[in-house]
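Asks: Here it is: the structure, laid out below.
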Amino acid sequence: METNNNILSPIVHGHWRLADWNLSTQQLLSLTKSCMEMGITSFDHADIYGDYQCEALFGEALKNEASLRSEIQIITKCGIKLLSDKFPHRRLKIYDYSYEHIVSSVEQSLKNLKTDYIDLLLLHRPSPFFNPEEAAKAFSMLKEKGKVLHFGVSNFLPMQFEMLQNYCDMPLITNQVEISPLCLEHFENGNMDFFLKEKIQPMAWSPLAGGRIFNPKTEQEKRVHDALWEVAQELDHNAIDIVAYAWLLQHPAGIVPIVGSGNIDRIQAAVSAQEVQMSLEQWFAIYNAAKGEELP
Ligand code: NAP
């Protein structure tokens, strides 16, 4: 079975916040190359990131060095229609997984990214109005034309994943979900067991809880912050991001963290976390801190 093992790098760089980093095209290009030197070759986008701007910023950087394209993997997503000045006729935010929208969204992503193929296309969120036949038809056409190489989903539950898989003539290779020491949802809703059963490696978005692990405000955040620091000291590290990444990377499901920072030293922490060996007790100390209670 095809897993994302041989399709994506073990750590992915996320471009959701790319527009906020205020990088010149040249700076973005050199950040991309630094990621690649560290073994991060997969870059996560969505049509909507940065109010529909981020894909084009990356495309501009890639244009300057066309030889990079074959050495990287581009992930993008579709399905959410945001309210935006770019679409003045829209009255509210909706999800659209019609054949027409999936295909036109991919065509636009290809233009923005200045490429002729997407490595991995994800349906961004499950929808209460979803026709799997249309999505599967769009996937088949995009694959046949070579416009998208692989397909997956994001924020789906196991039943939603299986439902779509049932209509597709290619394997869905991943489900991108929120996983961090401050988001245990997918350890508890059956998704993690489903990933193990199907040998699907999940991608973890907001692996540092969007930065909340560093500035704890709630009781849960304070407990997790303290537990991460305790493990960091035990492991002789003077930072907690490396511990949070190691906590994800060590899980048997083969979780692929998506690093959301534009700072190269912070990206390096995720790469270094691959070398960290945490004990099972340390793993559970962080889990229990997030739960606020001991195991039953
Ligand atoms: P994250 O790593 O949890 O959070 C990134 C934030 O943490 C940034 O603001 C970053 O600031 C801050 N940060 C990182 N290291 C830090 C440190 N050592 N000290 C203080 N602050 C630190 O990831 P995320 O950006 O929320 O999400 C990662 C990626 O997941 C996104 O880029 C996107 O590709 C994907 N995503 C997917 C979905 C989905 O629905 N599929 C949803 C959300 C995100 P600096 O930039 O200043 O370092």
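The values are calculated or read from the model by the stated rules, or taken from the named source; none is laboratory data. Just so you know, these numbers come straight off a predicted model, no measurement behind them. Using ideal geometry, Cβ is built from the backbone for each residue, glycine included, and neighbour counts are taken over all protein chains shown. The area values use the complete protein model at the heavy-atom level, side chains included, leaving out ligands, DNA and RNA. Shrake-Rupley method; radii C 1.70, N 1.55, O 1.52, S 1.80 Å.
Asks: Report in % the part of the accessible area of the chain that belongs to carbon and sulfur, leaving out ligands and nucleic acids; probe 1.4 Å.
Replies: Roughly 50 percent, rounded to a whole number.
Asks: Sticking with this one: Under the rule of -39500 (n - 2.57) per DSSP H run of 4 or more residues, summed and divided by the residues of the chain, what mean residue ellipticity at 222 nm is obtained, to the nearest 500 deg cm²/dmol?
Replies: -12000 deg cm²/dmol
Asks: Here's something else I'd like to know. Counting only trypsin sites (Lys or Arg not before Pro) that are in a DSSP loop and have at most 15 other C-beta atoms within 10 Å, tell me the longest site-free stretch of the chain. Mind showing how you got there, number by number?
Replies: Details: sites that count: Arg17, Lys86, Arg90, Arg91, Lys93, Lys145, Lys199, Lys217.
That would be 218-296.
Asks: From the backbone phi of the range 32-41, what are the Karplus-calculated ³J(HN,Hα) couplings (6.51 cos²θ - 1.76 cosθ + 1.60, θ = phi - 60°) in whole Hz, Gly and Pro given as x?
Replies: 4, 5, 5, 4, 4, 4, 8, x, 9, 10
Asks: May I pose another question? Placing +1 at every Lys and Arg Cβ and -1 at every Asp and Glu Cβ, with all other atoms neutral, what dipole size does the range 173-296 have around its Cα centre, in debye to the nearest 20? Intermediate results must be reported in sequence, preceding the final value.
Replies: Working: 8 positive and 17 negative charges, 70 e Å.
Dipole of the range 173-296, to the nearest 20 debye: 340 debye.
Asks: Report, as a whole number in µm² per second, the diffusion coefficient that Stokes-Einstein gives for the chain at 25 °C and 0.890 mPa s using the Kirkwood radius over alpha carbon pairs.
Replies: 124
Asks: Then there is this: What nm value, rounded to one decimal, do you get for the distance between Leu83 and Gln233 when each label is placed 7 Å out toward the C-beta?
Replies: 4.8
Asks: Another question, then. Quick check: the angle from helix 280-291's long axis to the longest principal axis of the chain, C-alpha only, nearest 10 degrees?
Replies: Helix 280-291 sits at roughly 70 degrees to that axis.
Asks: To the nearest 10 degrees, how steeply does helix 99-113 sit against the main Cα axis of the chain, on a 0 to 90 scale?
Replies: For helix 99-113, the angle is close to 70 degrees.
Asks: Further question: Give the cross-link partners of Lys81 among the lysines, using a straight C-alpha distance below 19 Å as the criterion and excluding same-chain residues fewer than 8 apart.
Replies: Lys93, Lys111
Asks: Tell me, which longest segment in the chain has none of the GluC sites (Glu not before Pro) that fall in DSSP loops with at most 14 further Cβ atoms within 10 Å?
Replies: Values: sites that count: Glu2, Glu65, Glu293, Glu294.
The longest uninterrupted stretch comes out as 66-292.
Asks: Any chance you could get the radius of gyration and Dmax over the Cα atoms of the range 167-296, in Å?
Replies: In Å, with Rg to one decimal and Dmax whole: 14.7, 49.
Asks: If the range 152-195 were replaced by its equivalent ellipsoid, with semi-axes equal to the square roots of 5 times the Cα gyration tensor eigenvalues, what would those be, largest first, whole Å? Don't skip to the answer; put the middle values down first.
Replies: Values: eigenvalues 89, 20, 10 Å².
The equivalent ellipsoid of the range 152-195 has semi-axes of 21, 10, 7 Å.
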